[in-house]
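The block underneath contains the structure these notes are about, expressed in structure tokens.
The values are calculated or read from the model by the stated rules, or taken from the named source; none is laboratory data. What you see is a predicted model; the values in this text were computed from it and never measured. Heads up, the Cβs are rebuilt from the backbone with ideal geometry, glycines too, and the neighbour counts pull from every protein chain shown. Accessible surface is based on the protein model in full, side chains and every heavy atom, while ligands, DNA and RNA are left aside. Shrake-Rupley method; radii C 1.70, N 1.55, O 1.52, S 1.80 Å.
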Amino acid sequence: MHGPTHAHGMPPVEARAPWGVGPPGPYYPYPRAALVSVRKLPRDYLLWSLFTFSYANCCCLGLAALVFSIKSRDAKVLGDVESAEEHGKTARCLSVVAMTLAIVSMIVSIIVIATSMTYIYNRFQEAMADAHEQHSRKSFSWN
């Protein structure tokens, strides 16, 4: 397509207006169409902070993330885009920190429990072997 195009990407129609009256030249089927700048609304991360609050509320960071997320949503509803963006970023950072701390603490807990269970199992095996050995000595001494 060469030449001018309409705002919607449609080429102009080379004809007069449908009613036959009007200046010669290209006819645009949408004469009142205007370009409107659409600004993307900031995210408030409400679902993520709810999940963090429910399942990974380490040091109450999930609660703080939820509070900032709700403040971000309120600011977005009121039209204060800058404040909504700022509160949304804070909610995201708090959720990331809370999730990171929760995951690290779960991994450390699993490692501690696994090594403790191995230690306890080995001690139990030693105690059973000692008890079996003492029982064998007593049975040999009776004969």
Sole residue being part of a helix (DSSP H, G or I), under 30 Å from Leu41 (Cα atoms), at pLDDT 95 or above and of a type outside the set (D, E, K, R), chosen from Val112, Val97
Val97
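Per-residue answers, yes or no, for (1) open to solvent by 80 Å² or more (accessible area, probe 1.4 Å); (2) over 23 Å from Arg39 (Cβ atoms); (3) modelled with pLDDT of 95 or more:
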position	(1), (2), (3)
Ser72	no, no, yes
Gly79	no, no, no
Ile107	yes, yes, yes
Ser136	no, yes, no
